[in-house]
Protein chains: 2
Amino acid sequence: MPRSNTQVLLAARPTGWVTEECFRVVEIDAPTPNDGEVLVENRWLSLDPYMRGRMSDAKSYAAKVELGAPMVGSTVGVVLESRAPAGSGLAPGDWVVGAFGWQSLGVAKPGALRKVDVTRVPPQAYLGVVGMPGVTAFVGLYDLAEPKEGETVIVSAASGAVGGVVGQLAKLRGCRAVGIAGGREKCDYAVRELGFDACVDHRAPDFEAQLAAATPSGIDVDFENVGGPVMDAIFRRLNPFARVSLCGLVSQYNATTPYGVTNFHQLLVNRVQLQGFIVSDHLDRWPEALATLGRLVVEGKLKWRESIAEGLAAAPRAFVGMLRGENLGKQLVRIGA
Amino acid sequence: MPRSNTQVLLAARPTGWVTEECFRVVEIDAPTPNDGEVLVENRWLSLDPYMRGRMSDAKSYAAKVELGAPMVGSTVGVVLESRAPAGSGLAPGDWVVGAFGWQSLGVAKPGALRKVDVTRVPPQAYLGVVGMPGVTAFVGLYDLAEPKEGETVIVSAASGAVGGVVGQLAKLRGCRAVGIAGGREKCDYAVRELGFDACVDHRAPDFEAQLAAATPSGIDVDFENVGGPVMDAIFRRLNPFARVSLCGLVSQYNATTPYGVTNFHQLLVNRVQLQGFIVSDHLDRWPEALATLGRLVVEGKLKWRESIAEGLAAAPRAFVGMLRGENLGKQLVRIGA
């Protein structure tokens with residue numbers, strides 16, 4: 001049994017860009033499961049853009065992390081010890097997804113954990129393509145935007161954990177999938193590995209012309225992850241009756257002055273339906289989404305890449321890098337063996 | 001039979017603010033109905049903000065008015081002469097709503113006209129509360145935003161032809177109805193005559209504080225007519241799962257530089273559903289809407305006021321004034337007896 005638990009705490013609230021100094025890594029005594037609980041050794045931590053919001057005091061859809069408390073987050077790990085009832089379905093050695101946050105050990109009741117089968121899907125995929133990011137793509141694209149065959153779907157942060165799934169789900173629906181990403185490498189990955197029809201580098205000096213060329217029939221669905229001027233450029237190309245699934249605005253999370261959206265009137269002119277959403281509001285859709293995504297992975301129809309930081313001490317650096325777009329694909333932290 | 005037809009033509013496309021010089025009033029020979037057509041003497045012309053869009057070259061949801069052509073618009077008038085088949089249901093003396101534009105006479109086939117009963121509803125009301133503006137309020141509020149009893153509904157341009165109906169329909173649904181309008185007179189009218197619970201003057205120096213005081217439980221439905229900084233202030237007070245019916249952005253129609261919407265992120269944080277709409281996309285809903293609105297008028301449950309310009313030559317001045325917010329209630333032109 002491990003003797004200590006590594007935690008990453010929120011040490012300071014960021015003003016503007018988050019820095020590594022906002023976090024503090026500590027070692028504390030290993031927790032002990034109470035009656036009815038299990039002890040889990042976390043093997044992988046998911047890093048996601050929403051975590052930036054939890055670091056702030058601003059009103060949001062979820063509670064903020066308190067100063068001095070461990071950062072929140074999803075984890076996948078192995079049950080070390082069980083004091084849960086025999087009928088709980090959990091035994092030492094089982095793999096479980098939990099919300100243990102940025103720490104190497106955790107205790108929880110079985111009802112707060114989801115047992116996963118790692119024989120055909122690697123465990124860390126339950127934090128990505130068969131986890132919250134995959135379900136986000138599924139709900140935001142299929143349920144909220146309802147793309148039809150032949151329509152053009154655009155997704156920003158196209159090489160990311162959510163965006164990569166959005167593009168592949170759009171292709172499976174018979175749509176034209178167009179990505180937007182930062183840099184040639186990410187765009188090449190989206191097109192060559194993930195099967196996007198096109199991917200436009202938003203850093204290119206002629207970005208808007210490239211976007212127009214990649215969307216010759218305009219845009220029917222915008223799966224919006226980024227906001228800012230990239231979103232404004234998308235809005236300019238929306239078709240009548242387009243749908244916008246507003247999933248994230250990552251370009252704004254570290255901004256001290258919010259960007260002013262100048263093409264808002266396109267939402268009126270084109271009678272656009274825009275839906276802001278958070279995947280945790282759609283818990284009723286998770287079972288179907290996870291079943292579909294798991295099947296697609298097993299059938300080899302969903303691909304992904306991972307950027308892996310080694311050890312919890314590397315998590316702050318990886319998190320800042322992810323917000324700067326330095327990762328490719330799903331950003332994970334492998335927690336020491 | 002009249003010998004001449006007065007028309008108001010689009011003489012020049014505006015850059016920025018529309019002026020009276022953009023129009024030209026002409027007298028031409030009276031039109032003659034062909035076989036199957038009726039000749040109508042228009043008695044009232046409706047002036048509506050959407051007409052500003054038709055004057056521009058910019059891509060929009062409807063065709064622009066060509067230079068030298070009559071301005072488009074809805075009219076109500078009397079059939080003077082009918083060469084329509086006996087079974088058409090139209091005879092001289094009948095009142096009809098048509099889309100004859102800014103002119104005193106017009107010919108049309110009966111299928112393009114809607115016969116109206118002026119015995120219990122005054123004819124010009126078919127251009128307002130029991131016409132396109134009323135249906136706009138009905139569809140945008142009841143169908144798209146689905147307000148529930150006890151929710152707070154806010155509407156900008158609250159004393160206008162659409163906004164006044166929105167507030168009264170919200171009250172009939174058991175909602176708290178809060179208006180926003182320019183100036184004390186309009187706000188008093190909204191509260192005292194139309195029955196809004198509150199109305200905030202957007203010109204007040206402490207507008208945002210007044211808006212907060214008028215919406216102590218936040219905002220569940222925004223029926224948006226105006227855009228600009230007023231909309232940004234509304235967005236700041238949206239509740240989780242709020243709905244925005246995006247009907248108009250009149251503050252922007254004459255702007256040469258679009259306003260940048262800085263509180264766009266509230267649509268994400270609060271998982272807002274926003275729907276841009278144009279009432280002509282919802283023709284299937286007109287019959288029920290018109291029947292409901294007509295019944296409410298007859299029962300005395302819907303009130304309105306009219307601002308009347310006398311004669312088509314006065315229409316350009318009245319139109320510019322309406323866009324500047326100088327009218328109160330429905331802006332009409334009474335076409336010479």
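Only the coordinates and a few stated rules stand behind these numbers; no lab work does. Bear in mind that the values here come from a model prediction, so they are computed numbers and not experimental data. All Cβ positions, even for glycine, are placed from backbone atoms using ideal geometry, and neighbour counts span all protein chains on display.
Structural remarks
- Meets criteria (of a type in the set (Asp, Glu), under 16 Å from residue B:233 (Cβ atoms), buried (at least 19 other Cβ atoms within 10 Å of the Cβ) and touching a residue at least 24 places away in the same chain (Cβ under 8 Å)) for residue B:201: no
- For segment A:165-181, residues that are touching a strand residue (DSSP E or B) at 6+ places or on another chain (Cβ under 7 Å) and either surrounded by 20 or more Cβ atoms within 10 Å (Cβ to Cβ) or outside any helix (DSSP H, G or I) (or both) total 10.
- Residue, farthest from residue A:138 (Cα to Cα), within segment A:267-289, restricted to residues that are more than 7 Å from chain B (Cβ to nearest Cβ) and surrounded by 20 or more Cβ atoms within 10 Å (Cβ to Cβ): A:279
- Exclusive hit being assigned to a helix (DSSP H, G or I) and either β-branched (Val, Ile, Thr) or more than 26 Å from residue A:271 (Cβ to Cβ) (or both), set A:212, A:190, A:204: A:190
- For residue A:247: the one exception among (1) surrounded by fewer than 20 Cβ atoms within 10 Å (Cβ to Cβ); (2) more than 7 Å from chain B (Cβ to nearest Cβ): (1)
- All conditions but one from (1) in contact with a strand residue (DSSP E or B) (Cβ under 7 Å, 6 or more places away or on another chain); (2) surrounded by fewer than 12 Cβ atoms within 10 Å (Cβ to Cβ); (3) assigned to a loop (DSSP other than H, G, I, E, B); (4) not aliphatic (A, V, I, L, M) apply to residue A:15; the one that does not is (1).
- Residues satisfying the stated conditions in segment A:145-163, i.e. in a loop (DSSP other than H, G, I, E, B) and within 8 Å of residue A:176 (Cα to Cα): A:150, A:151
- When we screen A:238, A:211 for residues that are crowded, with 16+ Cβ neighbours inside 10 Å and more than 11 Å from chain B (Cβ to nearest Cβ), the only hit is A:211.
- Conditions (1) of a type outside the set (A, V, I, L, M, F, W, C); (2) in contact with a strand residue (DSSP E or B) (Cβ under 9 Å, 6 or more places away or on another chain); (3) over 24 Å from residue B:290 (Cα atoms): number failed by residue B:85: (2)
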